[in-house]
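The values are calculated or read from the model by the stated rules, or taken from the named source; none is laboratory data. Bear in mind the structure is a predicted one, so any value in this text is a computation, not a measurement. Here the Cβ positions follow ideal geometry from the backbone for every residue, glycine too, while neighbour counts run over all protein chains shown.
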Amino acid sequence: MPLTAPPARPRPWLAEPPPLVRGYRRTVPMPVRRAVIAVTGAGLRRAAMRGLGGASAVSGALRLRRARRRLLRAGLLGAPERIVIADRRGTRVATVAPAPTPLSARAENLRLVCEALDRAALDHFVVRCHSNLASAVGVRADQRDRVVAALAALCAREAGYVSQPARPRHPATPPRLGASATAWRRLKDAPVIRFTRYHAGDGRAGERLVLGPAHGCDIEFWEPSGEGGAPQLLAPRFNRTTASVPLVGAPVRAPGHLFTRLAPADGWRPGPLVRTRPEFLTRLPDEVRFPVDVVYTWVDGADPLWQRRRAAAAGEGYHAQAANAARYANRDELRYSLRSLYLYAPWVRHIYIVTDHQVPDWLALSHPGLTVVDHQDIFDDSGALPTFNSHAIETRLHHIDGLAEHFLYFNDDVFLGSPVTPQDFFLANGVSKFFPSRALIPLAPLDADDVPVSAAGKNNRALLESRFGATVTQKMKHTPHAVRRSVLTEIEREFPEEVRATMANRVRSPSDVSVPSSLHHYYAFLTGRAVPSSLRYDYFDLAQPAIRSRLARLLRSRHCQAFCLNDTVSSEHDLADQLAVLGPFLDAYFPVPSPLERAPSRQETRRSCPSPSLSR
């Protein structure tokens, strides 16, 4: 999982608690801590926290200085692109890259290991392991000494680290510099050793993304065996295809994307050929081989031209949530949501952004993986435009020219928080997945006081009851929605009046249906084309007072596969305060620009100045 190195500017609400504070919380029992809180004032506690934080900062700076001197003496900081970073386990040497991603870090660690083994003339083969983040290379166990020597030399050249990856009932061991003989003594009997070169972003945005052992390369020691006929090499652990390969076999070359579900079959960066065995090229039944696109709906509510069109539209929305400014606010979420795709879903084939005569000024329109779609390109009734109803826009998404049969529908306030694969959203036979929420659609009849999501849910339920006799009660989580184009077409054909009426509503209406975010999932499920599933996900209401601490915890753990940063009730004054929270958080979580961002011109760079909300 990615780490974030300490930012260039202190941002106390984003930083994790100082080591001394973490130690206090870890060792002092909760009843004692509550007793301390009861007899001390908030001011005294804040002063103590500042003191502990200051002591921790001084201690951390001294630790970094000592580590830097030690690593310089060892010759591990000789290359200009190497830096020293710190995490909870200590200091590390990292190699700076312009735009590191989980996939690029994985590929680089695999390349380094394979080249080291080639240099030592050692037989090896890339294994189709269960991890999509880490790679694996098989070697002969009876050549262990030569393999270790080759890897030790690699670690000395590249400031590499070695560890034993996690296995059943055994956690992973801490990574240690592979240039040290002590590290190898600790691993002398390990059946699998992980090599890692830490990769770090350049930090020009003020934050530095660090990719560590999760993206390393595992060296598996396969044991020779002559039992049962022809001599074999036996795997030290399970993989996706075979428990053994012939002791002597002709190597083959294959595309690297076959060994991880993170990689696109033909994407932004096609991978190099890798050395493997034919047994690992078997086509497996759970492989998703069809293309998957992404569709965004996006609006910039601060655009004066859009505001004039909105003001001229008939009707103001039947409910406060339907007309609230927060619904149309642009906090630059789209930029960071696209960054999350670049980092964590590089297998996406093409991205479509559906807008109303609007294009973000930073968007790289020339990128071959991107298409901006105007509302007039997908609406067959120009009388329904302009529209300010997301439900109406959603009824037309399947009319996007060139859109794949399988796609993910994103709102711009939805982000990927860690690597995902196509299998997280679709089965290999084409069946889509959906993610029901514990939140319920009220069973009471449609009421004027229903919030828009509940009203649409009730309308969806009525259609499904009339068609299938099934009563749905659960809303959907605000995740990326896995959608099939053919199912949307069928829904439009099956319920033409309701879909056309929703399309004609320029603002949200109590008669709306919500097609790709809810009706699609239940309709596909009831016709055998979707299944309920789960995703590590969380929802963050930006209007809640505890939002800072919740976002800080998310940034530290990065445990979610997807998360939503939403708000439908705030005033315009609240929006400015939220930007002060949201800007630093998104900068820290997604510091690496995606290829979909246009590089600013020199003149734009000179004109730009730091936003006060981002420099707190």
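Screening the candidates Val513, Val472, Val483 for the property of being surrounded by 20 or more Cβ atoms within 10 Å (Cβ to Cβ), assigned by TED's automatic domain parsing to the domain that holds Ser337 and over 29 Å from Ser382 (Cα atoms) yields one hit, Val472.
Contact map, the stretch 388-400: first residue β-branched (Val, Ile, Thr), second residue assigned to a loop (DSSP other than H, G, I, E, B), Cβ cut-off under 7 Å, separation 6 or more or different chains; pairs are Ile393/Thr387. Picking from Arg461, Arg493, Arg508, which residue would you name as being part of a loop (DSSP other than H, G, I, E, B) and not small (Gly, Ala, Ser)? From the options Arg461, Arg493, Arg508, the qualifying one is Arg508.
Answer yes or no as to whether Val210 is under 29 Å from Glu279 (Cα atoms), in the same structural domain as Ala97 (by TED's automatic domain parsing) and either in a strand (DSSP E or B) or under 34 Å from the mean Cα position of the chain (by Cα) (or both). When the stated conditions are applied, Val210 does not pass them. Tell me, please, whether a residue that is at pLDDT 90 or above, closer than 16 Å to Thr95 by Cβ, part of a strand (DSSP E or B) and not polar (S, T, N, Q) can be found in the stretch 169-189. Yes, there is a match, as at least one residue in the stretch 169-189 is at pLDDT 90 or above, closer than 16 Å to Thr95 by Cβ, part of a strand (DSSP E or B) and not polar (S, T, N, Q).
Give me a count of the residues in the stretch 464-487 that are closer than 22 Å to Gln423 by Cα and part of a helix (DSSP H, G or I). Number of matching residues: 3. Counting the residues of the stretch 217-236 that are more than 37 Å from the chain's Cα centre (by Cα) and either without any contact (Cβ under 8 Å) to a residue 40 or more places away in the chain or not in a strand (DSSP E or B) (or both) gives 8. Residues to consider are Ala99, Ala116, Ala150, Ala121; find the one that is surrounded by fewer than 17 Cβ atoms within 10 Å (Cβ to Cβ), over 26 Å from the mean Cα position of the chain (by Cα) and of a type outside the set (Val, Ile, Thr). Sole residue among the options that is surrounded by fewer than 17 Cβ atoms within 10 Å (Cβ to Cβ), over 26 Å from the mean Cα position of the chain (by Cα) and of a type outside the set (Val, Ile, Thr): Ala121. Here Leu408 clears all of (1) part of a loop (DSSP other than H, G, I, E, B); (2) under 26 Å from the mean Cα position of the chain (by Cα) except the condition numbered (1). Listed conditions (1) within 17 Å of Ala200 (Cα to Cα); (2) over 22 Å from the mean Cα position of the chain (by Cα) are all met by Val137, apart from (1). When Arg197 is tested against (1) more than 18 Å from Arg82 (Cβ to Cβ); (2) of a type in the set (Lys, Arg); (3) modelled with pLDDT of 95 or more, only condition (1) is not met. Here Asn132 meets the list (1) free of Cβ contacts under 8 Å to residues at least 24 places away in the same chain; (2) part of a loop (DSSP other than H, G, I, E, B); (3) of a type in the set (S, T, N, Q); (4) farther than 21 Å from Ala86 by Cβ almost entirely, failing just condition (1). Might you check whether a residue that is in contact with a Leu (Cβ under 6 Å, 6 or more places away or on another chain), in a loop (DSSP other than H, G, I, E, B), modelled with pLDDT under 95 and surrounded by 19 or more Cβ atoms within 10 Å (Cβ to Cβ) occurs anywhere in the stretch 347-369? No, that holds for no residue. Criterion first (of a type in the set (Lys, Arg) and closer than 16 Å to Phe435 by Cβ) does Arg536 satisfy it? Against the criterion (of a type in the set (Lys, Arg) and closer than 16 Å to Phe435 by Cβ), Arg536 qualifies. When the stretch 475-499 is filtered for residues that are in contact (Cβ under 8 Å) with a residue 24 or more places away in the chain and over 15 Å from Ala524 (Cβ atoms), the ones remaining, listed by number, are Lys475, Lys477, His478, Thr479, Pro480, Glu498, Val499. One residue stands out among those in the stretch 567-616 that are acidic (Asp, Glu) and either more than 15 Å from Leu551 (Cβ to Cβ) or not in a loop (DSSP other than H, G, I, E, B) (or both): the one that is modelled with the lowest pLDDT, which is Glu604.
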